[in-house]
1. Which one is nearest to the chain's Cα centre (by Cα) among residues in the range 267-290 that are surrounded by fewer than 18 Cβ atoms within 10 Å (Cβ to Cβ) and at pLDDT 80 or above?
2. Please indicate, with yes or no, whether at least one residue in the range 142-162 is in a helix (DSSP H, G or I), within 17 Å of the chain's Cα centre (by Cα), touching a residue at least 40 places away in the same chain (Cβ under 8 Å) and under 13 Å from residue 366 (Cα atoms).
3. Say whether the condition of being under 20 Å from residue 323 (Cα atoms) and either modelled with pLDDT under 85 or out of contact with any helix residue (DSSP H, G or I) (no Cβ under 7 Å at 6 or more places or on another chain) (or both) is met by at least one residue in the range 133-154.
4. For residue 214, work out the one condition from (1) under 19 Å from residue 75 (Cβ atoms); (2) at pLDDT 90 or above; (3) surrounded by 13 or more Cβ atoms within 10 Å (Cβ to Cβ) it doesn't fulfil.
5. Quick check on residue 192: is it more than 13 Å from residue 71 (Cβ to Cβ), out of contact with any helix residue (DSSP H, G or I) (no Cβ under 9 Å at 6 or more places or on another chain) and modelled with pLDDT under 90?
6. Please identify the pairs in which a residue from the range 287-314 that is in contact (Cβ under 8 Å) with a residue 24 or more places away in the chain and on the phi < 0 side of the Ramachandran plot has its Cβ atom under 8 Å from the Cβ atom of a residue that is exposed (fewer than 14 other Cβ atoms within 10 Å of the Cβ) and not in a helix (DSSP H, G or I), counting only partners at least 6 apart or on another chain.
7. Six or more apart or on different chains, Cβ under 6 Å: which pairs go from a residue in the range 8-21 that's farther than 15 Å from residue 41 by Cβ to one that's assigned to a helix (DSSP H, G or I)? Could you list them?
């Protein structure tokens, strides 16, 4: 076993696991399992066979310092003006689906017994299904959800059922009944719409990456100071989210030229998944899983019911509903990828932009549900 005080030995092992997962993501198997899923499985195995210790000082460093930086970096492009200007009808569906997610989490907390961490579990699931896994990590830190077995179980279920949901929506896109019932303005989803992916991509520069890190670190520091002064140090994440959204919106003209911040953020997040995996108690994870499966299933059902209602009330077509649902449940990259795959070119940008809005709103939704259930 690598000793707990062997900082560079542990860092080397975890980075190797992360690199393996990133490489595997490019294969057909890796695309189905996802990078975080591969990292969790590899880290759990490494801890089970006593290659890596279940606790070490470096794990706390990653959780305390690198995760907030990753969150701030991901929010660097959260330009809210662009979201509301270009999101259009997809934005309406997204907001309704977000409400469905929150309602599902609250109902599931009433119906399923998840033990003393019930409010925390409901918080992270409602957050992750309002924009993606970034919110899961952010809210887990905010509500101090640090039981490794429960957290690993939640992450594993999020990965498994998240993939199932994505596949299900892909199948729904081809249903004749759905296409007939929600065909309003469907011609408007094709064409050469302004997709974000078509923007000219400059290579990341050292200046740009260091600038992004400097902005992120400054916002984290200020957020911590504000939260401490307000007497709520555990909720510094909410101040971080609001500050970064304001900076990204007001400074969009400058920040749009920065490239590479998402790569740095993903490295930090991958290390987070690795420390969750090594701290997992498999027996505890299996015991927690059934109720969590039930909670996630109910969240998905409520989300879909609200999405269907949105389609009927606001006369949204099936393509807009599917992209908005994917942006909400799986995050902007998946929403954009499916829109491109199905040739819904005019929905690529709205899918990404509404998903970015989910990065902002999901943190507030998760912490809000934790506060309601905790009381």
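The values are calculated or read from the model by the stated rules, or taken from the named source; none is laboratory data. The shown structure was predicted, so the numbers you read here are calculated from the model rather than taken from an experiment. Here the Cβ positions follow ideal geometry from the backbone for every residue, glycine too, while neighbour counts run over all protein chains shown.
1. 267
2. Among the residues of the range 142-162, at least one is in a helix (DSSP H, G or I), within 17 Å of the chain's Cα centre (by Cα), touching a residue at least 40 places away in the same chain (Cβ under 8 Å) and under 13 Å from residue 366 (Cα atoms), which makes the answer yes.
3. Yes, that holds for at least one residue.
4. (3)
5. No: the conditions fail for residue 192.
6. 291/113
7. Final answer for the pair search is 10/58.
Per-residue answers, yes or no, for (1) in a helix (DSSP H, G or I); (2) within 15 Å of residue 272 (Cα to Cα); (3) touching a helix residue (DSSP H, G or I) at 6+ places or on another chain (Cβ under 8 Å):
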position: 4; (1), (2), (3): no, no, yes
position: 9; (1), (2), (3): yes, no, no
position: 13; (1), (2), (3): yes, yes, yes
position: 18; (1), (2), (3): yes, yes, yes
position: 38; (1), (2), (3): yes, yes, yes
position: 43; (1), (2), (3): yes, yes, yes
position: 61; (1), (2), (3): yes, yes, no
position: 67; (1), (2), (3): yes, yes, yes
